[in-house]
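What follows is one structure encoded as structure tokens, with my remarks underneath.
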Amino acid sequence: MASLPNPSISADSRSRAAALREALASRVVVADGAMGTMLQAQEPSLEDFQNLEGCNEILSLTRPDIVASVHREYFAAGVDCVETNTFGANHAALGEYDISHRVHELSEAGARVAREVADEFTAADGRQRWVLGSIGPGTKLPTLGHAPYTVLRDAYQQNAEGLLAGGSDALIVETTQDLLQTKASVIGARRALEALGADVPLIVSVTVETTGTMLLGSEIGAALTALEPLGIDMIGLNCATGPAEMSEHLRYLARHSRIPLSVMPNAGLPVLTSDGAHYPLSPAELADAQENFVRDYGLSLVGGCCGTTPEHLRQVVERVRDLTPTPRDPRPEPGAASLYQTVPFRQDTSYLAIGERTNANGSKKFREAMLDGRWDDCVEMARDQIREG
């Protein structure tokens with residue numbers, strides 16, 4: 001059932017979103033850094049979590065002062081926008097606490113806290129600050145059958161509707177690990193935009209592991225081919241690795257993506273110590289990397305992820321403040337993508353031959369050979385088709 005138009009999507013909201021689009025098209029916009037570790041550092045009590053320890057999204061209701069203080073630290077460091085405390089405000093993550101019915105409530109609460117702080121800084125000096133509504137991946141991967149696609153899609157719509165009602169100026173689907181989950185997030189977000197009559201940028205940030213692919217094995221080319229046609233406004237990378245490991249994936253996006261690019265790396269690869277994970281990249285090193293990314297790949301939105309602090313972002317702001325994203329000349333490569341890789345629509349011969357019978361539905365003989373494990377027979381059937389032209 002579609003939601004009724006929300007009166008909170010005001011002229012001011014539309015103006016802010018338009019200004020954000022203009023900023024992303026003309027200069028480098030800087031987002032914030034890590035949220036979870038900043039919240040945990042303030043040692044919220046079990047009561048603050050409503051006895052749901054570790055559910056940071058609850059703090060937007062019970063301890064908005066703590067959440068607001070994190071946003072203030074990043075704005076004070078000079079960033080243009082902050083992400084909402086809603087990374088886990090989705091069906092899967094909240095379901096682990098048996099509160100999945102609170103997706104909209106916690107999404108809206110997180111956005112309102114960020115909106116109030118952003119407006120506070122804008123009123124103080126007249127410089128526009130923005131709120132990015134964070135849509136996290138959750139813990140269920142639909143490709144692996146963890147949860148139905150439609151259930152996740154509809155819950156992501158609630159997530160996005162709450163973020164928009166709370167005053168988000170953009171939606172960022174981030175840390176995505178499964179392309180089907182990413183599609184559920186994007187389609188849910190687009191349904192929310194349509195239901196509320198809103199028009200804000202929709203950003204997707206995928207996570208590529210140290211293996212060189214997303215968690216389920218998707219290459220960056222497959223992600224671009226699958227996601228760009230969904231009408232997103234920006235694509236990029238975040239989490240999992242530091243900037244050094246992201247460089248080649250950004251190079252690919254810079255060469256082929258029609259839409260603007262973003263990056264929010266960790267402060268390097270985590271090093272396990274007796275005190276837990278330590279992120280070794282210094283603020284100056286992160287600033288160096290982001291400056292190079294802007295110059296080399298024409299990035300429009302930069303920020304930080306795990307291990308990055310207000311000091312990291314302060315130095316990034318100083319380094320990229322006066323930069324204009326280097327113009328790109330992308331060469332899109334039309335193709336189709338599986339879960340794992342993209343295949344260009346490119347023919348190396350004068351015609352394209354499709355082996356229609358080398359599948360279990362098209363040939364009883366092929367199916368029986370496949371079921372019996374007679375792989376040589378399967379290959380020979382394919383060769384027969386090639387010989388027959």
What angle, in degrees between 0 and 90 and rounded to the nearest 10, separates the Cα long axis of helix 149-165 from the longest principal axis of the Cα atoms of the chain? 30
Relative contact order for the stretch 226-309: what percent, with Cα pairs under 8 Å and sequence separation of 6 or more? 34
5 angstrom amide H check on LEU299, placed H, neighbours 5+ away: VAL294, THR326
With charges only on Cβ, +1 for K and R and -1 for D and E, what is the dipole size of the chain about its Cα centre, in debye, rounded to 20? 1160
Might you tell me the accessible area per residue for the chain, computed with a 1.4 Å probe and given in Å²? 46
Computed over the chain, the relative contact order (Cα-Cα under 8 Å, seq sep at least six) in percent reads 16
Of the candidates ALA17, MET35, GLY138, the farthest towards the positive dipole end of the chain (Lys/Arg Cβ +1, Asp/Glu Cβ -1, centred on the Cα centre) is ALA17
On a straight-distance basis, which lysines could pair with LYS183 in a cross-link, Cα separation under 29 angstrom, same-chain partners fewer than 8 positions away excluded? LYS140
Give the cross-link partners of LYS365 among the aspartates and glutamates, using a straight C-alpha distance below 18 Å as the criterion and excluding same-chain residues fewer than 8 apart. GLU356, ASP376, ASP377, GLU380, ASP384, GLU388
Angle between the Cα long axis of helix 375-387 and the longest principal axis of the chain, 0 to 90 degrees, nearest 10? 80
Rounded to the nearest 5, what % of DSSP beta bridges with both residues in the stretch 205-321 are antiparallel? 25
Report the extension gain between GLN385 and GLU22 in nm, rounded to one decimal, defined as 0.36 nm multiplied by the number of residues separating them, less their alpha carbon distance. 125.2 nm
Cα centre as origin, Lys/Arg/Asp/Glu Cβ charges: the stretch 246-305 dipole, Debye: 360
Give the percent of DSSP beta bridges with both residues in the chain that are antiparallel, rounded to the nearest 5. 20
Taking all protein chains in place and a 1.4 Å probe, what share, in percent, of the accessible surface of the stretch 68-171 do carbon and sulfur account for? 51
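The values are calculated or read from the model by the stated rules, or taken from the named source; none is laboratory data. Just so it is clear, the structure is predicted and the values come from calculations on it, not from any experiment. Please note: Cβ atoms are built from the backbone with ideal geometry, for glycine as well, and neighbour counts cover all protein chains shown. To get the accessible areas, we keep the full protein, side chains included, count just its heavy atoms, and leave off ligands, DNA and RNA. Shrake-Rupley method; radii C 1.70, N 1.55, O 1.52, S 1.80 Å.
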